[in-house]
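Worksheet: one structure, shown below.
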Amino acid sequence: MPAIRGVGGGLLYLLDSGGDLGRIWDIDFRALDADSGVMPAGLCHVDHVAQTVAYEEMLTWLLFYTSIFEADKSPVVDIIDPSGVVRSQVVQNKEGSLRITMNGAENRRTLAGHFIAENFGSGVQHIAFSTEDIFATAAALRANGFQPLQISPNYYDDVEARFGLDPELTERLKAENILYDRDEQGEYFQLYSPTYGEGFFFEIVERRGYRGYGAANAIFRIAALKKNLRPAGLPRS
């Protein structure tokens, strides 16, 4: 089965490693030459895919995913956007190889609501890649010309006080625009790209036993991402 239709009618493609569908990286992508000058960044796999949906569609999407895949749902978490609240819920399997975060937008002023309005419906708003060394990845990406999302310096004063971080670690986080969180299972590091188009972006994460998604950092990340959006009234290029 190469694809199925989602709630809104869009196609979700399924990859089978046993056939040609599993050769997507060979077919759709071109590997860089060894002398291209691009450094490997240490990205291991996709940690999670974040889908933004209309709030009233969340239960339908939840039923859709849990009916098709062997996955469980997490409790709903409120994500604070400076312009309102976004409801977030995760669908994931026991192994953690499938993680889909669903963000339900209730108004257009939020980053999630803007994305839905500009894309005429729900869709994948960001993809998170996993790394085993966030600082090495950040350095390699910088050498390759990557410009990270700029995080407010005030964030690092807050996170140092909240977790009692060593000032040296705080300075390393600040220098690379890396966000930090911690729970009873471990630590979590997040690095973001700016927005592309009408709100799509990339995330890079390092998990050290941590099982969540950095909800406490969302308000700082969203505020920074909104600065990269096309100003209201400005025509698209």
Top of 71, 143, 31 by mean-square fluctuation, Gaussian network on the chain, Cα under 10 Å: 31
Ordering of 195-204, 8-17 by burial proxy (mean other Cβ atoms within 10 Å per residue, highest first): 195-204, 8-17
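Full extension from residue 5 to residue 150: what is 0.36 nm times the residue separation minus their Cα-Cα distance, to one decimal in nm?
Stretched out fully, the residue 5 to residue 150 stretch lengthens by 48.5 nm.
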Amide hydrogen neighbours beyond the local backbone of residue 99, cut-off 5 Å, H modeled: 49
Net length gained if the chain between residue 31 and residue 183 were fully extended (0.36 nm per residue, minus Cα distance): 50.9 nm
Candidates 83, 36, 193: whichever shows maximal mean-square fluctuation once the chain is modelled as a Gaussian network with Cα springs under 10 Å: 36
Spin-label zone in the stretch 202-228 - amide nitrogen under 18 Å from a point set 7 Å from the Cα of residue 142 along the C-beta vector: 204-206
Per principal axis, descending, Cα span of the chain in whole Å: 51, 47, 45
Bridge type composition, the chain - antiparallel percent by DSSP, nearest 5: 75
The chain, helix-only ellipticity at 222 nm - DSSP H runs n ≥ 4, -39,500 (n - 2.57), divided by all residues, nearest 500: -8000 deg cm²/dmol
Loop sites in the stretch 160-220: trypsin sites (Lys or Arg not before Pro), DSSP, at most 16 other Cβ within 10 Å: 211
Derived scalar couplings ³J(HN,Hα) [the stretch 184-198; Karplus, 6.51 cos²θ - 1.76 cosθ + 1.60; whole Hz; x for Gly, Pro]: 5, 8, x, 10, 9, 10, 10, 10, 10, 8, x, 7, 10, x, 9
Backbone HN-Hα couplings from phi across the stretch 138-154 [Karplus 6.51/-1.76/1.60, Hz, Gly and Pro as x]: 4, 5, 5, 5, 4, 5, 7, x, 5, 10, x, 5, 7, 9, 4, x, 4
Dipole magnitude (debye, nearest 20) for the chain, charges at Cβ of Lys, Arg, Asp, Glu: 720
Candidate lysines for bridging to residue 174, where Cα separation is under 29 Å - those fewer than 8 sequence places away on the same chain excluded: 226, 227
3J(HN,Hα) from dihedral phi, the stretch 85-99, Karplus parametrisation 6.51/-1.76/1.60, rounded to Hz, x for glycine, proline: 9, 10, 7, 10, 9, 10, 10, 8, 8, 5, 6, x, 7, 10, 9
Length released on extending from residue 215 to residue 73, taking residue separation times 0.36 nm less the Cα-Cα span: 49.5 nm
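Any read-out appearing in this document is the output of simple, stated calculations on the displayed coordinates, not a laboratory observation. In this text, all values refer to a predicted model and were calculated from it rather than measured experimentally. Neighbour counts are summed over all protein chains in view; Cβ atoms, including those assigned to glycine, are modelled from backbone coordinates with ideal geometry.
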